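Structure record follows, encoded as structure tokens.
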Amino acid sequence: MKTTLIFATNNQHKVDEIRSVIGDQFEIITLQEAGINIDIPEPHDTLEANATEKSHTIHQLTQKNCFSEDTGLEVAALNGEPGVKSARYAGDGRDFQRNIDKLLENLQEKPNRSARFRTVISLILDNKEYFFEGVCEGQILTEQSGKSGFGYDPVFIPTGGDKSFADMRMEEKNVFSHRQKAVTKLLNFLTSQRS
Ligand code: ITT
């Protein structure tokens, strides 16, 4: 029987990206599909703690195997900001465009444009928690480019790539992305548990 996991997120882009990596090896159920309509709080100051909060909230509600992920964009010249505050960098509206505008403004005149995305997955399987991390190094562009993806994708170019994440199809972004790397570790772990 296929292992089924609830994915504790309200972000459909994350669901699409993770399903495209996992394929049909495991069944991923969204909160919407599980009939759960809550805005899970993310009050902590680390990605790990927020990921734990999200997976435990859904596990307590359902008692089912589940996972969550928290992702941040860590910009070297801004001492790792927006980091854990990436979703609300320009305010509680969680507005992707306003977040990008604020980032580009804060990086004006800064020669070092190095940045990285970091994803932390918290998996709760048979009442035990496991973490998986994925990192993607890159640079912040001076102007945004592209319409695909979400969040900061229009201003991020991964190391080894020749265009922004938002100029890539999902399959191309998956070659480089933090999320793909974290999910691949999750997938390998789940596969090893099955055999
Ligand atoms: P859930 O908590 O419901 O999973 P969220 O959108 O709030 O969804 P995060 O707390 O992990 O997710 O927020 C991280 C923010 O970082 C997200 O809103 C985007 O602005 C940005 N982000 C995350 N992953 C990204 C990616 O792959 N490309 C571009 N920006 C990303």
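List of remarks:
- For segment 93-106, a residue qualifies if it is under 18 Å from the mean Cα position of the chain (by Cα) and surrounded by fewer than 16 Cβ atoms within 10 Å (Cβ to Cβ), and the qualifying residues are R94, D95, Q97.
- A single entry from I40, I36, I121, I100 fulfils the requirement of being in contact with a Leu (Cβ under 6 Å, 6 or more places away or on another chain) and of a type in the set (A, V, I, L, M): I121.
- Among the conditions (1) under 28 Å from I29 (Cβ atoms); (2) more than 12 Å from the ligand (Cβ to nearest atom), F96 misses just one, which is (2).
- Members of segment 116-132 that are under 10 Å from L73 (Cα atoms) and either away from the ligand (no atom under 11 Å from the Cβ) or of a type in the set (V, I, T) (or both): R116, T119
- Evaluation of N65 against the conditions (1) in contact with a strand residue (DSSP E or B) (Cβ under 9 Å, 6 or more places away or on another chain); (2) within 11 Å of the ligand (Cβ to nearest atom) shows that the sole unmet condition is (2).
- Search result, residues across segment 1-51 that are open to solvent by 60 Å² or more (accessible area, probe 1.4 Å) and more than 25 Å from G83 (Cα to Cα): M1, K2, D24, Q25, E27, Q32, E33, G35, N37
- Pairs are defined by a Cβ separation below 6 Å, a sequence spacing of at least 6 or placement on different chains, a first member in segment 65-92 that is within 17 Å of V183 (Cβ to Cβ), and a second member that is more than 12 Å from the ligand (Cβ to nearest atom); the pairs so defined are N65/L5; N65/L125; C66/L5; C66/I6; C66/H59; C66/I124; F67/L5; F67/L123.
- Residue ID - nearest to I28 (Cα to Cα), chosen from residues in segment 107-123 that are more than 17 Å from the chain's Cα centre (by Cα) and open to solvent by less than 60 Å² (accessible area, probe 1.4 Å): S114
- Evaluating D92 against the criteria (1) assigned to a loop (DSSP other than H, G, I, E, B); (2) at pLDDT 95 or above; (3) over 16 Å from K14 (Cβ atoms) leaves one unmet condition, (2).
- Residues of segment 167-189 satisfying the condition of being touching a strand residue (DSSP E or B) at 6+ places or on another chain (Cβ under 8 Å), open to solvent by less than 20 Å² (accessible area, probe 1.4 Å) and not charged (D, E, K, R): S177, H178, A182, V183, L186
- Answer residue from segment 133-158, given it is more than 11 Å from the ligand (Cβ to nearest atom) and under 15 Å from the mean Cα position of the chain (by Cα) and is most open to solvent (accessible area, probe 1.4 Å) among those: E137
- Single residue of segment 80-89 satisfying the filter (part of a helix (DSSP H, G or I) and of a type in the set (G, A, S)) that is most open to solvent (accessible area, probe 1.4 Å): A87
- Qualifying residues in segment 1-29 (those that are within 15 Å of G149 (Cβ to Cβ), in contact (Cβ under 8 Å) with a residue 60 or more places away in the chain and under 11 Å from the mean Cα position of the chain (by Cα)) - the one nearest to the ligand (Cβ to nearest atom): N11
- Condition met for A77 (small (G, A, S), within 14 Å of the ligand (Cβ to nearest atom) and surrounded by 15 or more Cβ atoms within 10 Å (Cβ to Cβ)): no
The values are calculated or read from the model by the stated rules, or taken from the named source; none is laboratory data. What you see is a predicted model; the values in this text were computed from it and never measured. Cβ coordinates were reconstructed from backbone atoms using ideal geometry, including for glycine residues, and neighbour counts include every protein chain displayed. Calculation scope for accessible area: heavy atoms of the full protein, side chains included, ligands and nucleic acids excluded. Shrake-Rupley method; radii C 1.70, N 1.55, O 1.52, S 1.80 Å.
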